[in-house]
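Encoded as structure tokens, the structure appears first; notes follow it.
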Amino acid sequence: MAVDQQQPSVPAFAADDAPAPAAPSLARRIGRAYVRPAIEAAAQQPRIWKYRLLSTCRRIEGEPVVLQPVLFVGPGQVVLGDGVQFGWKSSPLFYAGYCHVETTVPEARIEIGDRTEFNNNLMIKSEGAGIRIGKDGLFGANIEIFDSNFHDLHPERRKAGTQQMAPVEIGDNVFVGMSVKILKGVTIGSDSVIGAGSVVSSSIPAGVIAAGNPARVIREL
């Protein structure tokens, strides 16, 4: 005789009947509000002080928001607008890395506009041609920006020759993805987006998305 093998019914709950998530305990709320920030400050603030003491650049204008340590190196000039930020707490290597800003000669100048934010492990180095970054920029982690080749490219003059230099100009409201390299002589127009991992070796117009090695325009915004 056949046996009726009906599955037992499972009661359905309306969305309004679903149990509400438990509220965080008082201890957890206190930990989030007071204990964690204290631990973060104890871990990071001494590193920020150490890199400030190690910095050799004395021609710095502006007071940045420093979440990750920044090393300012060299005799050149660094001009920082209002609200320029270095570091991002929730990204990798926040507690292990640092940002490096270097002007190797007195005539070198790095200028960064208001409210531009850099993620962790930034590297900007000017050999003299100059690097200018506009306001309201967003830069991912592990960004590298250079205005020089650093060495002569000819095999016989590579160690003792003269490097080629050209200024770098990055417009306002530019979004640069993680691990992008921006090389000498490049201009990036305002509002453009540079895809993660790109190598920007030639200029990019305003209002476009560009990506690749070398970076090329993919489409307009």
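Scanning the range 74-115 for residues that are among the aliphatic types (A, V, I, L, M) and buried (at least 17 other Cβ atoms within 10 Å of the Cβ) yields a total of 7.
Restricting to the range 56-102, give me the number of residues that are part of a strand (DSSP E or B) and closer than 14 Å to Arg115 by Cα. Residues in the range 56-102 being part of a strand (DSSP E or B) and closer than 14 Å to Arg115 by Cα: 6 in total.
All conditions but one from (1) out of contact with any Cys (no Cβ under 9 Å at 6 or more places or on another chain); (2) buried (at least 16 other Cβ atoms within 10 Å of the Cβ) apply to Ile124; the one that does not is (1).
Among the residues of the range 103-123, those identified as of a type outside the set (Ser, Thr, Tyr) and under 15 Å from Thr56 (Cβ atoms) are Val105, Pro106, Ala108, Ile110. Output the qualifying pairs, or none if there are none: Cβ atoms under 9 angstrom, residues six or more apart or on different chains, first residue in the range 130-155 and farther than 15 Å from Val105 by Cα and modelled with pLDDT of 95 or more, second residue among the hydroxyl-bearing types (Ser, Thr, Tyr) and surrounded by fewer than 18 Cβ atoms within 10 Å (Cβ to Cβ). Cβ pairs passing all conditions: Gly134/Ser190; Gly140/Ser91; Gly140/Ser179; Ala141/Ser91; Ala141/Ser179; Asn142/Ser179; Ile143/Ser179; Glu144/Ser179.
A quick yes/no check of all residues on (1) under 18 Å from the mean Cα position of the chain (by Cα); (2) of a type in the set (Gly, Ala, Ser); (3) within 28 Å of Gly87 (Cβ to Cβ):
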position	(1), (2), (3)
Ser179	yes, yes, yes
Val200	yes, no, yes
Ser203	no, yes, no
Leu221	no, no, yes
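The values are calculated or read from the model by the stated rules, or taken from the named source; none is laboratory data. Just so it is clear, the structure is predicted and the values come from calculations on it, not from any experiment. In this analysis, Cβ positions are derived from the backbone assuming ideal geometry, glycine residues included, and neighbour counts consider all displayed protein chains.
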